[in-house]
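Notes follow the structure.
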Amino acid sequence: MTKDMTQTGWNFDNSYVRLPEIYYTRQNPTPVHAPRLVVLNHSLAHSLGLKVEYLQSEDGVAVFAGNRIPEGAEPLAQAYAGHQFGHFTKLGDGRAILIGEHITPKGDRVDIQLKGPGRTPYSRGGDGRAALGPMLREYIISEAMHALGIPTTRSLAVVSTGEKVIRENDLPGAILTRVAASHLRVGTFEYAVRWGSKEELKTLADYAIERHYPEISDDESKYLLFLKAVIKRQASLVSKWQLVGFIHGVMNTDNMTISGETIDYGPCAFMDTFDLATVFSSIDREGRYAYGNQPYMALWNLTRLAESLVPLLDENQDQAIKMAEEALGEFGKLYQSHWLAGMRAKLGIFNEEDEDETLIKELLDLMQEHKADYTNTFKALTLGKLEDNVLFGKAEFDDWHAKWQSRLNRQEESKESSRELMRKNNPGVIPRNHRVEEALEAAVEGDFTVMEKLLHILSNPYEYSAEQAAYCTLPEPSGLPYRTYCGT
Ligand code: AMP
Ligand code: MG
């Protein structure tokens, strides 16, 4: 007997299955041997209207494991395509299954997706499974991003499966339950224009508009407005990544959402030392997705979206291309104004002066030159405690500091309000790579306490609490660069 909604909180209403069939394949998860709940996100569960006690019960865990389909769910794997490192490929959910769309108590529609639930028609050579370490890594970093105020998919739970996944070594298997505004990607539109009819492309665009940009749904030029709206959200999103030093690592078009949420936490990581060329991903040998390249790659991806939408923009193709180009032309300005506003806030600046950009650039140049830690430098400026920073005592930095102080003196707001603004915009703590690794290593050995403590610390990054201090120290220099891996 399935429990009813009042006992579980699940409230499914599935719209994706009503799209043309080319966009998905109905697919149930493959049951696993011995599921065990490893981590559950209580506050997210509450905001989704789900009953924590039920989620922790055998029935609830069975849902996270793919062993039970909750009432109202209609599992499916989504079809999509994507440019991976510049090369176009047909993809799809190879190791993910959308179990359904849940309607929250506030009326929001969210995808409930299992990551690692077994093979689907899009798995190609893969096993459709995921390992515990990488699923916990997504959980930790996506929740840290949320706490930092950056739009992102969320992580509701991770279960271990009691099964091994075969990678280079045998690893413990796991499934992550991911919650997202939707899983529509730039790659979904690339798929539509390549393998669907014009009518099917239109249906997908109408669906995306209805779901994420309903305010434009009645407009005559809604497809152009849709393109502009996605450009706007992505410009804002990527500026937020840059401001906290987040490196996505695999900004392929299948990993860029239409909703404007960060998605796909594979090889991502936060930068320690400020360096525009920072790359962590082992497969990004050319630095395509390096820190300093992220805004350019976002525009590259949006250009693929614009191309996909050309057939809907205007009957006249030349005119349609012109419209798309104009929309894309706005990205740079939008990105720059978000980034500049964010940087001003990081430096406690309220109003605008033409010279601000130079002031910011000079600081970043000093950080790059002297290998300063990005997060800790802004934190030191916020606290006015610079003694431990590599920039401290350098004549050029003293000059910069004096310039910055006089900039602050030129605005009406008090030093106290400046500091307050800085505290809200400079995280006291980020998920440092060595801290994340340490938590994952313990978890894979069966000790989840290290991860729980880390999750707690990361849930309040702007608090500037005493307990954060231990999480701000840099790793012992190992001589080797930190490396991350995809698809593990
Ligand atoms: P990602 O690098 O996670 O964005 O994945 C790229 C593509 O590879 C997507 O279509 C995934 O579904 C697929 N994929 C990744 N890992 C696996 C796996 N273990 N089994 C099947 N498909 C996978
Ligand atoms: Mg992906």
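The values are calculated or read from the model by the stated rules, or taken from the named source; none is laboratory data. This structure is a prediction, so every number in the text was calculated from the model and none was measured. For neighbour counting, all protein chains shown are included, and Cβ atoms are generated from backbone atoms with ideal geometry for every residue, glycine included. To get the accessible areas, we keep the full protein, side chains included, count just its heavy atoms, and leave off ligands, DNA and RNA. Shrake-Rupley method; radii C 1.70, N 1.55, O 1.52, S 1.80 Å.
Return the whole-Å distance between the Cα centroid of region 57-83 and the Cα centroid of region 450-466.
Cα centroid of region 57-83 versus Cα centroid of region 450-466: 30 Å apart.
Explain nothing, just the number: dipole magnitude of region 352-459 about its Cα centre with +1 on each Lys and Arg Cβ and -1 on each Asp and Glu Cβ, in debye rounded to the nearest 20.
Dipole size: approximately 340 debye.
What shape does the chain take by its C-alpha gyration tensor, where a ≥ b ≥ c are the square roots of the eigenvalues and a/c under 1.5 counts as rounded, a/b above b/c as prolate, and the rest as oblate?
Because a/c hits 1.5 or more and a/b fails to exceed b/c, the chain counts as oblate.
Sticking with the crude label model, points 7 Å out along Cα→Cβ, report the distance from E168 to N460 in nm, one decimal please.
3.9 nm
Nearest 20 debye, what's the magnitude of the dipole of region 35-177 about its Cα centre given +1 on Lys and Arg Cβ and -1 on Asp and Glu Cβ?
It comes to approximately 320 debye.
How much length would be gained if the chain were fully extended between E58 and T25, taking 0.36 nm per residue of separation minus their Cα-Cα distance, in nm to one decimal?
Net length gain for the segment: 9.1 nm.
Region 164-218 to region 220-263: how many Å between their Cα centroids?
Answer, in whole Å: 14.
Set the Förster distance to 25 Å, then compute FRET efficiency between K333 and D354 from the Cβ-Cβ distance, nearest 0.05.
Efficiency, from the Cβ-Cβ distance: 0.95.
Using only Cα atoms, find the angle between the long axis of helix 186-195 and the longest principal axis of the chain, and express it within 0 to 90 degrees, rounded to the nearest 10.
With rounding to tens, the tilt is 40 degrees.
Applying 1/(1 + (r/R0)^6) with R0 = 60 Å to the Cβ-Cβ distance of D13 and A395, what FRET efficiency is obtained, to the nearest 0.05?
0.40
Report, for the chain, the % of DSSP beta bridges that are antiparallel, rounded to 5.
Here the antiparallel bridges make up roughly 95 percent for the chain.
Under 14 Å Cα-Cα from K379, which aspartates and glutamates qualify once same-chain neighbours fewer than 8 residues away are excluded?
D272, E387, D388, E420, E463
Which order do C486, C472 take when ranked by solvent-accessible area (1.4 Å probe, heavy atoms of all protein chains), largest first?
I get C486, C472, largest accessible area first.
Among G72, Y289, A144, which residue has its Cα positioned farthest towards the positive end of the charge dipole of the chain, with +1 placed on the Cβ of Lys and Arg, -1 on the Cβ of Asp and Glu, and the dipole taken about the Cα centre?
Value computed over the given set: G72.
Once phi is turned into ³J(HN,Hα) by the Karplus curve 6.51 cos²θ - 1.76 cosθ + 1.60 with θ = phi - 60°, what whole-Hz value does each residue of region 380-396 show in order, with x for glycine and proline?
Running phi through 6.51 cos²θ - 1.76 cosθ + 1.60 with θ = phi - 60° gives 5, 5, 5, 8, x, 10, 9, 3, 8, 8, 4, 6, 4, x, 7, 4, 5 Hz.
Per residue, how much accessible area does the chain have with a 1.4 Å probe, in Å²?
Dividing the accessible area of the chain by its residue count gives 43 Å².
Which net charge results when you count Lys and Arg as +1 and Asp and Glu as -1 among the other residues whose beta-carbon is under 9 Å from that of G126?
Summing Lys/Arg as +1 and Asp/Glu as -1 gives +3.
Name the residue from F12, H87, L313 whose Cα lies farthest towards the positive end of the charge dipole of the chain, charges +1 on Cβ of Lys and Arg and -1 on Cβ of Asp and Glu.
F12
Please give the net charge around W339, taking every other residue with its beta carbon less than 13 angstrom from that of W339, where Lys and Arg add +1 and Asp and Glu add -1.
Here the charged neighbours net out to +3.
Computing the accessible area with a 1.4 Å probe over protein heavy atoms, can you report the carbon and sulfur percentage for the chain?
Carbon with sulfur: 50 percent of the solvent-accessible area.
Quick check: net charge around G107, other residues with Cβ under 15 Å of its Cβ, Lys/Arg +1 and Asp/Glu -1?
-1
Any idea what the dipole of the chain comes to, in debye rounded to 20, about its Cα centre with Lys/Arg Cβ at +1 and Asp/Glu Cβ at -1?
800 debye
Cross-link partners among aspartates and glutamates for K202, C-alpha distance below 17 Å, same-chain residues fewer than 8 apart left out?
Partners found: E21, E190, E210, D218, D219, E220, E307, D314, E315.
What list of ³J(HN,Hα) couplings, whole Hz, do you get for region 312-325 from phi and the Karplus terms 6.51, -1.76, 1.60, once you set θ to phi - 60° and write x for glycine and proline?
Listing the rounded values in order: 9, 6, 6, 4, 8, 5, 4, 5, 4, 5, 4, 5, 4, 5 Hz.
Counting each DSSP H run of 4 or more residues in the chain as -39500 (n - 2.57), what helix-only mean residue ellipticity at 222 nm follows after dividing by all residues, to the nearest 500 deg cm²/dmol?
-13500 deg cm²/dmol
Would you mind checking the pairs K51/K424; K222/K346; K371/K403; K322/K361; K51/K453; K228/K415 and listing those with alpha carbons more than 28 angstrom apart?
Pairs exceeding 28 Å: K51/K424; K222/K346; K322/K361; K228/K415.
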